[in-house]
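Written out below as structure tokens is the structure these notes cover.
The values are calculated or read from the model by the stated rules, or taken from the named source; none is laboratory data. What you see is a predicted model; the values in this text were computed from it and never measured. Because the Cβ atoms are built from the backbone with ideal geometry, glycine has one as well, and the counts that use them run over all protein chains shown.
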Amino acid sequence: MKAAKFVSVVLVSCMLGMPIASAQMGMGMQSSPQREDPTAAYQAGIAAFNARNYPEAIRQLRTARRASPNDGAINYALGLAYNANGDKGEAKTSFERAVRASNAPAPARLQLGLVALELGDRETATEQQTALQRAVTACDATCGDARRGQLQAGLDQLTRALSTP
């Protein structure tokens, strides 16, 4: 099951034109007034994730999150690592933090919805579907075709998942 989830995450990332490492490294990192720079731990976490060393990815990404707790990219990557490691509850918590961030990656709501479904939380998944629909509707020329495409792809995938018994 872990391998299937990893493949799913990789396929989603590739489908959205965002290889995991390049999509996450440095993209959207919020500057923070904290003393510790999360970049090295974040990059080490992404490298560990790509090497399928999920416990190390979690350790590194938790270090990065301590330095920048409200960063959407860090929380999203941490959610992916927890999910790949089979810890759905922690994955959901990290994805929830990611979607609240101003720099939430486009697929964060999709991943939150999917993990919520796996946990039997259809209400949260439906809320994420609604939020994705609003985001697609609100995405105009300033949003950009790439982001709109990512949001639409996430909405389509979550809608399919919700319609599957």
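Restricting to region 114-136, and then to whatever is at pLDDT 95 or above and hydrophobic (A, V, I, L, M, F, W, C), can you tell me which residue is nearest to Tyr82 (Cα to Cα)?
Out of the qualifying residues, it is Val115.
Of everything in region 127-142, what is of a type outside the set (Asp, Glu) and more than 15 Å from Pro107 (Cα to Cα)? Give them in sequence order.
Of everything in region 127-142, those that are of a type outside the set (Asp, Glu) and more than 15 Å from Pro107 (Cα to Cα) turn out to be Thr137, Ala138, Ala141, Thr142.
Residue-by-condition table, conditions (1) in contact with a Gly (Cβ under 6 Å, 6 or more places away or on another chain); (2) in contact (Cβ under 8 Å) with a residue 24 or more places away in the chain:
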{"residue": "Arg52", "(1), (2)": "no, yes"}
{"residue": "Ala57", "(1), (2)": "yes, yes"}
{"residue": "Gln60", "(1), (2)": "yes, no"}
{"residue": "Arg66", "(1), (2)": "no, yes"}
{"residue": "Tyr76", "(1), (2)": "no, yes"}
{"residue": "Ala84", "(1), (2)": "no, yes"}
{"residue": "Ala101", "(1), (2)": "yes, yes"}
{"residue": "Ala106", "(1), (2)": "no, yes"}
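Do the conditions hold for Gly79, that is, is it touching a Phe, Trp or Tyr at 6+ places or on another chain (Cβ under 8 Å) and modelled with pLDDT of 95 or more?
For Gly79, the condition - touching a Phe, Trp or Tyr at 6+ places or on another chain (Cβ under 8 Å) and modelled with pLDDT of 95 or more - is met.
How do the helices (runs of 4 or more DSSP H) wholly within region 87-146 filter down when requiring 2 or more residues that are more than 13 Å from the chain's Cα centre (by Cα) and surrounded by fewer than 14 Cβ atoms within 10 Å (Cβ to Cβ): which remain?
Working: elements: 88-100, 108-118, 122-138.
Here the list reads 122-138.
Being charged (D, E, K, R), assigned to a helix (DSSP H, G or I) and surrounded by fewer than 17 Cβ atoms within 10 Å (Cβ to Cβ) narrows it down to one residue among Arg59, Arg52; which is it?
Of the residues listed, the single one that is charged (D, E, K, R), assigned to a helix (DSSP H, G or I) and surrounded by fewer than 17 Cβ atoms within 10 Å (Cβ to Cβ) is Arg59.
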